[in-house]
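The values are calculated or read from the model by the stated rules, or taken from the named source; none is laboratory data. As the structure is a prediction and not an experimental result, all values here were calculated from the model. Cβ atoms come from the backbone with ideal geometry, glycine included; neighbour counts cover every protein chain shown. Accessible surface is based on the protein model in full, side chains and every heavy atom, while ligands, DNA and RNA are left aside. Shrake-Rupley method; radii C 1.70, N 1.55, O 1.52, S 1.80 Å.
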Amino acid sequence: MDDLDKGQNHTVRDIGLADKGALLVDWARARMPVLAKLKEEAERTKPLAGMRVAGCLHVTKETAVLIEAIRAAGAELSWSGCNPLSTQDEVAAWLASEGYSVHAWHGQSTEDFYWCIDKTLEFKPTLTLDDGADLIVRVHGEKSEYAAGVIGGTEETTTGVHRLRAMAAAGDLRYPVIAVNDAVTKWDFDNVYGTGQSTLDGIMRATSVLLSGKTFVVAGFGHCGSGVAMRARGMGANVIITEVDPLPALRAVMEGYRVMPMDEAAKLGDIFCTATGMEDIIVGRHFESMKDGAIVCNTGHYDCEINITDLEAQATSVRTIRQDNEEFLMPDGRRIFLLARGRLVNLAAAEGHPSEVMDMSFANQFLSLCRLAAEGDSMGKQVYDITTEQDQALATTKLDTLGFSIDSLTDEQIAYQDDYTVGT
Ligand code: NAD
Ligand code: ADE
């Protein structure tokens with residue numbers, strides 16, 4: 001950590017990158033009109049006055065726009081990244097230069113990662129904001145002395161919501177949490193279109209390979225996987241899906257994809273991308289049967305989907321070919337390329353989701369923090385969903401900012417939908 005820029009309130013790679021960060025944040029801000037509207041109103045009403053927010057979420061240009069909105073709403077905040085490889089150092093530098101408390105840099109060790117989270121806790125938060133639940137699990141474990149001061153928390157991603165529901169089911173959750181991920185205006189857009197585009201972006205930046213004509217295996221046909229499959233097919237790849245749930249598997253069949261177990265797909269794929277949130281999707285026996293030149297990456301939250309320990313054990317040598325791309329030489333001469341150390345390739349090797357889609361995800365985050373500030377004290381220690389009203393309102397605003405209008409039901413149509421006597 002000696003080579004970092006440290007201040008009273010920040011630990012970043014190089015504060016000299018702040019000017020570059022400012023331009024990136026400008027770019028994102030201009031593409032996040034829904035959040036801008038919420039911020040404008042909050043500047044007047046200060047719904048987060050008196051709150052102290054600890055955030056643990058990828059430090060990107062879009063996150064900087066969320067951070068600005070949180071401060072504008074009256075809160076103080078302190079931030080860490082939620083992945084050792086996802087911090088955009090220019091953005092972290094800009095945040096620090098603007099006086100925000102931020103502890104995050106690209107390429108940190110696991111130890112540094114938790115050190116940064118702990119720095120944000122020193123700030124004694126009243127609200128926590130997570131992407132993956134590492135901060136909140138810390139507040140419920142090693143750093144439990146901070147839990148009593150917290151009114152509520154939010155969670156950004158599918159894997160984090162799974163962890164929180166498990167905590168709630170075990171009776172271990174000490175304050176209410178809102179599952180931002182599960183909002184329609186988040187899960188059906190960010191995870192699908194955001195992950196679809198940015199994952200392909202990450203793969204292309206790390207490899208520059210032609211996707212057209214390649215066999216592209218996607219593990220998991222949920223929200224993220226279906227987005228990745230859609231975009232890979234759009235680039236001309238032949239897409240194979242692996243699944244464990246018959247419903248998404250059937251949906252993939254009906255979408256025209258080939259569906260098969262990973263043991264079979266492993267022999268056929270040129271490119272593999274895991275998107276399951278589950279561990280050990282690609283393991284030793286799969287590496288043994290892969291083609292020479294196979295490219296393997298992950299876009300699920302944690303780096304547990306590809307078993308790198310198996311890959312390292314099998315390889316006779318490893319070399320870095322280019323940024324985020326390592327070649328593993330197998331005993332029989334085959335080469336397997338691992339991208340971004342098995343961490344989410346869209347954030348490690350590219351810039352994460354485009355601003356336009358983060359606009360809705362972060363509008364949900366912002367409104368959830370406001371709800372917790374207002375009602376958290378009277379909410380139970382459980383995982384709450386976003387309300388349908390919030391989803392509908394955000395979708396309406398997003399459509400409006402995109403220049404689209406839609407029809408409304410007429411009074412006659414409203415009466416018709418409630419009238420069971422009308423038939424043929
Ligand atoms: P989801 O629940 O919609 O889909 C996951 C799918 O994986 C399910 O259909 C499930 O049946 C399938 N699956 C589970 N185990 C499997 C196995 N062993 N083999 C094959 N398929 C399996 O979840 P999601 O919203 O798509 O999220 C997936 C992961 O991506 C999570 O870890 C989530 O946190 C993460 N995520 C990443 C980004 C990103 O920016 N890269 C964005 C959003 C979510
Ligand atoms: N998750 C996926 N893309 C992201 C982005 N651009 N910013 C913050 N979190 C993200």
Over 29 Å (Cα to Cα) - which of Lys61/Lys267; Lys143/Lys398; Lys37/Lys61; Lys61/Lys291 fall in this group: Lys61/Lys267; Lys143/Lys398; Lys61/Lys291
Relative contact order for the range 119-275, counting Cα pairs under 8 Å that sit 6 or more residues apart, in percent: 17
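For the chain, what is the charge dipole size about the Cα centre, in debye to the nearest 20, if Lys and Arg each add +1 at the Cβ and Asp and Glu each add -1 at the Cβ?
On the way: 38 positive and 63 negative charges, 117 e Å.
Charge dipole, the chain, about its Cα centre: 560 debye, nearest 20.
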The range 174-223 versus the range 43-68: alpha-carbon centroid distance in Å: 24
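At 1.4 Å probe radius, can you tell me the per residue accessible area of the range 311-377 in Å²?
Values: 2530 Å² over 67 residues.
Result: 38 Å² per residue.
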Residue among Asp359, Asp324, Asp391 with the largest mean-square fluctuation in a Gaussian network model of the chain, springs linking Cα atoms under 10 Å: Asp391
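Filter the chymotrypsin sites (Phe, Trp or Tyr not before Pro) in the range 334-424 to those in DSSP coil with at most 11 other Cβ atoms within 10 Å of their Cβ, and list the result. If you can, show how the numbers build up before the last one.
On the way: sites: Phe337, Phe362, Phe366, Tyr384, Phe404, Tyr416, Tyr420; in loops: Phe404, Tyr420.
Of the chymotrypsin sites (Phe, Trp or Tyr not before Pro), the ones in loops of the range 334-424 whose Cβ has at most 11 other Cβ atoms within 10 Å are Phe404, Tyr420.
Length gain on complete extension for the stretch Leu247 to Met235, per 0.36 nm per residue less the alpha carbon to alpha carbon distance? Mind dumping the intermediate values first?
Details: separation 12, 0.36 × 12 = 4.32 nm, distance 2.56 nm.
1.8 nm is the gain from fully extending Leu247 to Met235.
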Listed residues Arg285, Arg71, Arg165, most fluctuating in the chain (Gaussian network, C-alpha, under 10 Å): Arg285
Modelled FRET efficiency - R0 56 Å, Val318 with Lys124, Cβ distances, 0.05 increments: 0.80
DSSP-defined beta bridges in the chain - what % are antiparallel, rounded to 5: 20
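Do you know the relative contact order of the chain, to the nearest whole percent, from alpha carbon pairs under 8 angstrom that are 6+ apart?
Numbers: 909 pairs, mean separation 69.2, N = 424.
With pairs under 8 Å counted, the relative contact order is 16 percent.
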Highest-MSF residue in the chain out of Glu98, Glu412, Glu327 [GNM, Cα springs under 10 Å]: Glu412
HN-Hα J in Hz across the range 31-40 - Karplus 6.51, -1.76, 1.60, θ = phi - 60°, x for Gly and Pro: 10, 10, x, 5, 5, 4, 5, 5, 5, 4
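Rule-of-thumb check for the chain: C-alpha Rg over 2.2 N^0.38 Å? Before the final figure, lay out each step's value.
Values: Rg = 22.3 Å, N = 424, 2.2 N^0.38 = 21.9 Å.
Its radius of gyration relative to the 2.2 N^0.38 Å reference: 1.02.
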Mean-position separation - Cα centroids, the range 134-148 and the range 312-332, in angstrom: 38
Positive-end extreme of charge dipole, the range 209-335 - chosen from Gly227, Gly277, Cys297 (charges on Cβ): Gly227
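If you average the sequence gap of Cα pairs under 8 Å that are 6 or more apart and divide by the length of the range 3-102, what percent do you get for the contact order?
Details: 177 pairs, mean separation 40.8, N = 100.
Relative contact order comes out at 41 percent.
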FRET E, pair Thr387, Asp292, Förster distance 51 Å, beta-carbon r, rounded to 0.05: 0.45
Carbon + sulfur, % of accessible area of the chain - ligands and nucleic acids excluded, 1.4 Å: 50
